[in-house]
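Shown next, in C-alpha cells, is the structure this report addresses.
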Amino acid sequence: MDDCLFCKIVHGEIPSRKVYEDDLVFAFHDIHPLRPMHLLVIPKRHITSLAEAEAADEPALGRLLAVSRRLAQECGSTDGFRVIINTGRVGGQEVPHLHAHIVGGPDPVGPMLKRN
C-alpha cells in the first residue's frame, strides 16, 4: 500500500530503529514508548487489521507471536510482558496496518483495561 506508514518503514522509505527482520515480519522500537520496552512487530505484507487477516496470513501471524516472545526475552522481560493488538476504530488502532505492541519492563504493566 503506497501511503501506509508501516509499509514505508518496511521498505526503508522511513527510518526506524529496527530490531528484527525476516521474510514475514519486521520489528522496531516504538517512536513514542509507553514502557521501558516498547516494540512493534508487523507483518511485512500489508494487512489492514486483525479483522482483515485471512487463512493465508496464518504463517505471518504465528511468526509475529513467536518473534514477540523472542524479542521480549532478549530485551530482558523474562518475568513477563504484554502483547497488544488493537483492531479497528473501537479497538484503538491508530495505524491501518496490523501491528503488535510488545511492552514490558521491570515493573508490572498494570491492569489490562481501565474502567470507564
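Computed from the coordinates by the stated procedures, all read-outs in this text should not be read as laboratory data. Not measured: the values here are computed from a predicted model. Virtual Cβ from ideal backbone geometry, glycine too; neighbours counted across all protein chains shown.
Details
- Number of the condition not met by SER68 [criteria: (1) touching a residue at least 12 places away in the same chain (Cβ under 8 Å); (2) within 21 Å of MET112 (Cβ to Cβ); (3) part of a loop (DSSP other than H, G, I, E, B); (4) of a type in the set (Ser, Thr, Tyr)]: (3)
- Within region 67-89, considering residues that are among the small types (Gly, Ala, Ser) and in contact with a strand residue (DSSP E or B) (Cβ under 9 Å, 6 or more places away or on another chain), the one farthest from LEU39 (Cα to Cα): GLY80
- Any hit, region 60-72, residues being in contact with a helix residue (DSSP H, G or I) (Cβ under 7 Å, 6 or more places away or on another chain) and either farther than 18 Å from THR48 by Cα or crowded, with 18+ Cβ neighbours inside 10 Å (or both): no
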